[in-house]
Amino acid sequence: MNYLSHFYLSAEADDDVHLGNFLGDIVSKSESDLLPEPVKKGVELHRFIDHFTDNHPLVLVGKRLLYPDFGKYASVVLDVYFDFLLIERWDDFSAQALEPFLQECYQFIRAHQPTIPITVWPQVHAMIEGQWMNGYLTTAGRLNLFARLARRAKYDKNFDIALDIYETHRDALRDLHHQFFPELMDACGKRTFS
């Protein structure tokens, strides 16, 4: 669900890598095997980002913080929270205004529809039409995001209180993200703007 971070981290890559990074969580292993080789490099970048994140000591601290409320879904919720924190501090990371960046993301996906496996188009179309990343800015959008997560989860684990938990731990999460995200950017070769 952390679309924004992935889009941001590969925004300066070539289109194939950028597309593959977007598709990394959406396509199955068998579907990714059928993608063009240059797009597969983007899927590999996506997996690198996820592996780097999941194993980073600061992220492990964040997961432990959230585990009492979310159990095995703590890492999923933390990824979402990190997108919230990125969008809230967008100007600290990008010289480009947020709204044009988001619209470019949706246009990019539309332009590359022929390369995207047809099996995932319902989800991709819903994301574009619902402007999911724009929803990170509003309470209603954030509630919708956690409702989607709850529908996909194998068991219910407090997604209905995820925004309350976010507010409870916001300062600690902001500190974690502030330290962690620049390291992830460096690992991806992404340059900071401020």
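The values are calculated or read from the model by the stated rules, or taken from the named source; none is laboratory data. As the structure is a prediction and not an experimental result, all values here were calculated from the model. Cβ placement follows ideal geometry from the backbone for every residue including glycine, while neighbour counts extend to all protein chains displayed.
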Exercise for the section: Say whether the condition of being in contact (Cβ under 8 Å) with a residue 12 or more places away in the chain, surrounded by 14 or more Cβ atoms within 10 Å (Cβ to Cβ) and under 19 Å from residue 25 (Cα atoms) is met by at least one residue in the stretch 175-182. Expected result: no
Problem - residue 169 touching a Gly at 6+ places or on another chain (Cβ under 9 Å) and assigned to a helix (DSSP H, G or I) - result: yes
Fill in the blank from the handout: Here the qualifying pairs (Cβ atoms under 6 Å; residues six or more apart or on different chains; first in the stretch 36-58 and without any contact (Cβ under 8 Å) to a residue 40 or more places away in the chain and crowded, with 20+ Cβ neighbours inside 10 Å; second in a helix (DSSP H, G or I) and of a type in the set (Ser, Thr, Tyr)) come out as 43/32
Exercise for the section: Of the numbered conditions (1) in a helix (DSSP H, G or I); (2) among the basic types (Lys, Arg); (3) under 24 Å from residue 65 (Cβ atoms), residue 157 fails exactly one; give the number of that condition. Expected result: (1)
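So that you can scan it fast, the table gives a plain yes or no per residue for (1) among the basic types (Lys, Arg); (2) modelled with pLDDT under 90; (3) within 28 Å of residue 34 (Cβ to Cβ); (4) over 17 Å from the mean Cα position of the chain (by Cα):
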{"position": "151", "(1), (2), (3), (4)": "yes, yes, yes, yes"}
{"position": "156", "(1), (2), (3), (4)": "no, yes, no, yes"}
{"position": "173", "(1), (2), (3), (4)": "no, no, no, no"}
{"position": "177", "(1), (2), (3), (4)": "no, no, no, no"}
{"position": "182", "(1), (2), (3), (4)": "no, no, no, no"}
{"position": "194", "(1), (2), (3), (4)": "no, yes, no, yes"}
Practice task
Please indicate, with yes or no, whether at least one residue in the stretch 67-75 is closer than 21 Å to residue 183 by Cβ and not in a helix (DSSP H, G or I).
Solution key: no
Practice task
Identify all residues within the stretch 8-35 that are in a helix (DSSP H, G or I), in contact (Cβ under 8 Å) with a residue 40 or more places away in the chain and in contact with a His (Cβ under 8 Å, 6 or more places away or on another chain); write none if there are none.
Solution key: 15, 19, 22, 23
Exercise for the section: Could you figure out which of (1) closer than 17 Å to residue 26 by Cα; (2) surrounded by 13 or more Cβ atoms within 10 Å (Cβ to Cβ); (3) aliphatic (A, V, I, L, M) isn't true of residue 87? Expected result: (1)
Practice task
Starting from residues that are within 19 Å of the chain's Cα centre (by Cα) and closer than 14 Å to residue 172 by Cβ, keep the ones in the stretch 62-76 and report whichever is surrounded by the most Cβ atoms within 10 Å (Cβ to Cβ).
Solution key: 62
Practice task
Those residues that are acidic (Asp, Glu) and buried (at least 16 other Cβ atoms within 10 Å of the Cβ), I need them from the stretch 1-24; list them, please.
Solution key: 16
